[in-house]
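Heads up: the structure comes next, in structure tokens.
The values are calculated or read from the model by the stated rules, or taken from the named source; none is laboratory data. A quick note: this is a predicted structure, and the numbers were derived from the prediction, not measured. Methodologically, a virtual Cβ is constructed for each residue, glycine included, from the backbone with ideal geometry; neighbour enumeration extends over all protein chains shown. These accessible areas exclude ligands, DNA and RNA; they are computed on the full protein's heavy atoms, side chains included. Shrake-Rupley method; radii C 1.70, N 1.55, O 1.52, S 1.80 Å.
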Amino acid sequence: MPRKRTRFHMPWPSGGLVLSTSHEDQPRGTTVDCQNVRVYDPLTGRARGAQRAGLAKYNSARTADSQVQDMGVVVARDTPADQEEVGARTVTAYAVTSGTVATFTTSGFTTATNGSGALSSSVPVVFSTELFGVIYFADGAAEKKWTASTNTVAAWAASPGTLPTSGSNKPRLIETWRSRIVTSGISADAHNWFMSAAGNPLDWDYSPTTETAIQAVAGNNTDAGKSPDIINSMCPYNDDVLIFFGDHTIHQMTGDPAEGGRIDLVSSTIGGAWGRCWAKAPDGAVYFYGSRGGVYRMAPGGSPPESLTEGAIEEKFKSINMNTTLVRLIWSDREKGLYVFLTPLDGSATTNYFFDSRSGSWWLDKFTTAGHNPTSVLTFDGDTSSDRTLLMGGQDGYVRKFDYDTPANADDGVAIDSYIWLGPIQLTNKPKLMLRELNAAFDTASNDVSFAVYAGESSQVAKAATAKFTGTWVAGRNKSERRRATGHNLFVRLRNNTNSQKWQYEFMGVSVDSFDGPRARQW
């Protein structure tokens, strides 16, 4: 039977990982498997496919051999030192590790006065919020605040009124909204929410002699009422909206409850994971991890929550134990996308995820060392470009960052195992193919990339098969590879798992002969 030659360029699968279709109908422009790679090269911003950025310690110290429970920043205005400073400010970063509060810089940690053991060391995560340069903590046990200007921890005492509590149970959730401190998450009063007086985090008097629109309020003593569902998370969206993510529903506080605000139902079927399960993007979208698994996007007051994982990788999230896994989301301005970190509290290995908003695609990340998985995340907005990055407080007590500007091309000295499967290479009507030639090119500064070719009578068989042949491609344009492989479906896997190396894809040309069927291609 005469053979028909087909030549084409195999683009990087910018549609990311898709696992929801049949093996034979993998959508064009997607991949069946990948790890630690991106559509956009994190070093240059080019849309060509590349290894993700590596991790580096923000500093070489830690306060304890335990997970980082919380991180945050306080920004204060400063006096310009000379005419070369435009907007002088002081950015103070803090962390809580094993219950100890400390500031940190690239040089190390400084334990706060009264900060040693100030908070609970038995909880995996502590939440905090800032108002007027003071940080207020919620750990379910202590009532503490930290003043950035003096680096001092002190008791957080109400005057007038009483801080929210139910017996020995104290709030575990805390946010700032409309210049109020908002708390919730008291296990014995799980539907309730509490707000300090506006502009005064010490005033918790719900029944002042003269009632005002800025007084302290709570769900059990206002017309708005308690949340109909137990509260798992709170998101201060804007001055008009405070979102309550419940166990199986989403509600929002619309308007200040001291001025006739009400609680409105947003979704009766989807809730949110416990903790700070959300992140806000610059365009106003709220991303959150749903109570049933999966990631959603919503705009309060607009359409219902939109699933971003359905039709792509929904099943990847179905096996997550929401009781033993800490979910943390954070938006990356540098990469224009969302990180979803799923950290098992037992310290075991896990898979994390990155959603690229530019291409609407999902990518899988794995840290070889489980201690690198974050229990706390922070968008650090420093003055220098190297300080505008994502910080991650790991289970091993270190604070790390994605290293974009001076990349070590490793995860804190550990090799990044990065790979992607290109294919399946198949033609319409799926005739039998013979691979005749591969031509590949990589960035001129790329390290070596190993390749492996797989073939089979079906896509599923080819993916599980032993490689027909393997080899190594180098930086720049490579010589043609003319070894043969035969099957109805073909894959080419690209991989690098060598320490301190990176790679960037440019193109791969493919030439195949088909034994029957038309020339039209589908991959």
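Of note:
- Any hit, region 238-259, residues being assigned to a loop (DSSP other than H, G, I, E, B) and closer than 21 Å to residue 332 by Cα: yes
- When restricted to residues that are among the β-branched types (Val, Ile, Thr), more than 20 Å from residue 276 (Cα to Cα) and surrounded by fewer than 22 Cβ atoms within 10 Å (Cβ to Cβ), region 213-253 contains 2.
- Subset of region 86-110 [over 20 Å from residue 395 (Cα atoms), among the β-branched types (Val, Ile, Thr) and in contact with a Ser or Thr (Cβ under 8 Å, 6 or more places away or on another chain)]: 92
- Test result for residue 428, modelled with pLDDT under 95, among the β-branched types (Val, Ile, Thr) and either over 30 Å from residue 65 (Cβ atoms) or open to solvent by less than 10 Å² (accessible area, probe 1.4 Å) (or both): yes
- Looking only at region 275-322, and only at residues there that are in a strand (DSSP E or B) and hydroxyl-bearing (Ser, Thr, Tyr), the one that is nearest to residue 231 (Cα to Cα): 289
- Picking from residues in region 162-196 that are open to solvent by 30 Å² or more (accessible area, probe 1.4 Å) and of a type in the set (D, E, K, R), the one that is farthest from the chain's Cα centre (by Cα) is 189.
- Enumeration of residues in region 505-523 that are surrounded by 22 or more Cβ atoms within 10 Å (Cβ to Cβ) and modelled with pLDDT of 95 or more: 505, 508, 510, 512
- Some residue of region 466-480 being charged (D, E, K, R) and surrounded by 16 or more Cβ atoms within 10 Å (Cβ to Cβ): yes
Table: residues versus (1) surrounded by fewer than 18 Cβ atoms within 10 Å (Cβ to Cβ); (2) in contact with a strand residue (DSSP E or B) (Cβ under 9 Å, 6 or more places away or on another chain).
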residue	(1), (2)
270	no, yes
274	no, yes
299	yes, yes
302	yes, no
305	no, yes
309	no, yes
313	no, yes
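Listed here are the residues, each with its yes/no results for (1) more than 29 Å from residue 208 (Cβ to Cβ); (2) of a type in the set (Phe, Trp, Tyr); (3) surrounded by 16 or more Cβ atoms within 10 Å (Cβ to Cβ).
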| position | (1), (2), (3) |
| --- | --- |
| 122 | yes, no, no |
| 125 | yes, no, yes |
| 141 | no, no, yes |
| 148 | yes, no, yes |
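- Of the strands (runs of 3 or more DSSP E) contained entirely in region 342-381, those carrying at least 3 residues that are in contact (Cβ under 8 Å) with a residue 40 or more places away in the chain and open to solvent by 10 Å² or more (accessible area, probe 1.4 Å) fall at 374-381.
- Scanning region 488-499 for residues that are in a strand (DSSP E or B) and open to solvent by 10 Å² or more (accessible area, probe 1.4 Å), we see that the one that is nearest to residue 453 (Cα to Cα) is 493.
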